[in-house]
1. Of all the accessible heavy-atom surface of the chain, with the other protein chains kept in place and a 1.4 Å probe, what percent is carbon and sulfur?
2. Just the accessible area for Thr473, please: 1.4 Å probe, Å², rounded to the nearest 10?
3. Which order do you get for Met241, Met234 if you rank them by accessible area with a 1.4 Å probe, largest at the top?
4. At what distance in nm do the modelled label points of Gln464 and Arg418 sit from each other, each positioned 7 Å from its Cα along Cα→Cβ?
5. How would Phe502, Phe280 rank on accessible area, largest to smallest, probe 1.4 Å?
6. How many angstrom lie between the Cα centre of the range 424-495 and the Cα centre of the range 100-128?
7. Round to the nearest 0.05 the FRET efficiency obtained for Val408 and Gln576 when R0 = 30 Å and r is the Cβ-Cβ distance.
8. Computed on alpha carbon atoms, what radius of gyration and Dmax characterise the range 403-503, expressed in Å?
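The values are calculated or read from the model by the stated rules, or taken from the named source; none is laboratory data. Please read these numbers as outputs of a predicted model, since none were measured by experiment. Here the Cβ is made from the backbone with ideal geometry for all residues, glycine too, and neighbour counts use every protein chain on show. Only protein heavy atoms, including side chains, enter the accessible area calculation; ligands, DNA and RNA are left aside. Shrake-Rupley method; radii C 1.70, N 1.55, O 1.52, S 1.80 Å.
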Amino acid sequence: MDFFEAQDQARRRTKWLLLWFLLAVIGVVAAVDVLVFFTLGRGEGSEVVTLLLITSAVTAGIILASSGYKSMQLSSGGAVVAKDLGGRLVMPGTTDFEEKKLLNVVEEMAIASGMPVPQVYLMDDEEGINAFAAGTEPSNAVIGVTRGTLQRLSRAELEGVVAHEFSHILNGDMRLNMRLMGLVFGLVVISIIGRGMVEMLRFQSISRRRNKEGGGLVLALFLIGLGLIVIGSMGVFFGRMIQAGVSRQREFLADASAVQFTRNPDGIAGALKKIGGLSFGGKIKSAKASEASHMMFSDAGLFSFGLATHPPLDVRIKAIQENWDGEFAASALPPVAKEHVRKERKQAGPFSFPGVSGLSALEEIGDDRRLKLSTGQKIRAGLMEKWEVPIHDREEAQALIFGLLLAVDREWRDREERYLRKTAGEEATDLALSWQGEVSELHSARKIALIDLVLPILRSLSRQEYERFVGITRWLIASDGKVELFEFMLQRVVERHLMSHFESRGFGRIRFQKLSQLSHEVNVLVSTMSGVGTDDAVTQARSYNTATQNWGLGELGFLPPTSLKEVGVVLDRCEQASPIVQRELLKLCGRAAAVDGVLTSREAELLRSIADAIGCSIPPFVDALEKEEI
């Protein structure tokens with residue numbers, strides 16, 4: 001599966017989703033009009049028409065306003081959904097073995113897929129085996145799992161479930177599901193209003209039964225309340241139909257992608273078998289489960305009106321293992337004092353992160369065959385103990401970023417040190433100076449991986465801490481009057497993902513459906529990529545010519561070096577391209593970077609800046625971790 005094509009399909013489905021929602025709204029409005037006509041529709045024809053017009057406007061307004069409110073609430077990111085479902089944020093420094101295992105699996109997946117590490121939420125009160133991915137974009141995505149998932153699944157099975165959810169993030173399903181959740185809420189609100197009217201009026205209707213003046217109106221309103229409950233149920237039915245129509249086929253794609261990701265079909269198949277072997281399966285008890293049922297890994301055990309949001313378990317398992325014998329697997333709670341065997345961490349220096357292996361890898365950008373959990377596992381396992389600290393500690397994480405930005409020049413660094421001591425404090429400054437010594441000689445590919453790993457703990461900052469942190473990083477970048485490529489990359493990566501979390505960045509609008517619509521911008525980026533890896537004019541020309549051969553944009557010509565400010569403007573426009581156009585853009589830049597088979601620090605920085613600016617992930621292009629090291 002190609003994730004860029006999957007994202008494009010998901011965006012196209014949004015148009016159908018809006019059409020289905022509009023038809024559902026019309027159906028509910030018509031039903032409410034009929035109800036009001038038979039209960040209150042007495043009087044002259046013009047009065048009845050006016051009443052029905054007002055009823056239609058009010059009903060449609062309530063549905064649309066409720067959907068808009070819910071969508072605005074969800075724009076804050078996946079944490080809103082996780083908390084609604086009773087999830088608890090799993091902190092990176094947790095001492096619980098099972099929780100640490102879950103965090104390690106998520107981190108390995110994120111490293112292998114080249115995206116920021118999502119926050120992880122645990123639903124402690126849910127005994128069923130289930131999970132979900134929620135968020136408007138990878139920057140504010142979360143992975144949620146039930147306690148039953150941790151207790152009953154092996155590591156391989158847990159990897160299969162988490163890989164399934166990562167597939168939803170990468171192929172655009174998560175964003176579509178969040179939009180769907182906001183729209184469906186508006187249809188459910190009618191039923192909520194009906195229940196409120198019934199609860200409020202049922203006692204009044206009894207007490208006023210003999211009151212001829214008010215009793216008739218109260219009774220009519222009481223009947224309208226009952227009718228709204230029924231109509232609301234019809235709205236729930238429409239919502240369930242939309243959920244089923246959107247999610248069922250996508251579940252098959254996510255299962256297939258999880259198998260490709262983990263290279264282990266037994267993992268996800270084993271998880272599905274254990275769900276089938278439990279009497280309560282993947283049931284979610286939370287009252288908000290119906291709103292998020294289409295996001296779950298498996299059916300949440302809800303009444304579905306015959307429109308299940310997930311394919312049957314046996315069909316999903318058969319699609320993964322054709323020779324399955326049809327027997328589900330039993331599972332049991334782990335022993336109370338289970339002894340865990342911990343493997344010793346390999347103390348062989350900083351983590352391995354080899355370079356680009358060749359053009360063939362870059363030609364497969366977006367293909368799920370490039371995603372290998374084993375790559376993330378090896379990189380994650382290669383971390384020395386000292387590198388674990390900033391991943392799990394808020395203060396160390398901030399100090400690490402400050403250390404990455406400190407100047408090499410002694411005069412400038414002394415000035416930056418004085419500023420840090422004034423704004424961040426003595427201890428933070430000492431930590432930043434210490435980290436600068438540790439990371440200054442690292443290849444940028446390693447630095448980028450570290451940045452991705454510390455992003456989750458940075459999302460746990462308070463609002464004021466976040467504003468102070470961003471203010472300090474901006475000052476450090478601007479302190480010497482110029483912006484280096486690494487600083488440009490770090491600022492775009494960190495601020496994009498933290499702004500999405502703290503400032504509820506909305507959906508980007510697609511304006512460009514063809515690469516030719518961005519010919520100038522593409523030429524600027526390819527020319528820049530061809531020039532950052534070397535100062536040799538012959539090599540630059542060879543990189544540019546290799547990248548632009550048969551690119552379909554005509555003879556535009558190699559451009560002289562441009563400013564990073566202009567590159568930033570170009571990237572902002574490229575963010576508005578369709579996923580298919582973005583894939584072609586990344587391929588062209590990747591070809592320019594990989595001509596000599598070596599990924600330099602500056603090439604890694606620019607390639608990541610481009611990918612991050614347009615909302616794409618780039619997995620490590622590695623063939624053999626043990627053979628070479630940058």
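1. About 55 percent, which is the carbon plus sulfur part of the accessible surface.
2. 10
3. Working: Met241 90, Met234 65 Å².
Sorted descending by solvent-accessible area, the residues read Met241, Met234.
4. For Gln464 paired with Arg418, the spin-label model returns 2.7 nm.
5. Correct descending sequence by accessible area is Phe280, Phe502.
6. For the range 424-495 versus the range 100-128, the Cα centre distance is 24 Å.
7. Working from the Cβ atoms, E equals 0.25.
8. Taking only Cα atoms of the range 403-503, I get Rg and Dmax of 13.1, 36 Å.
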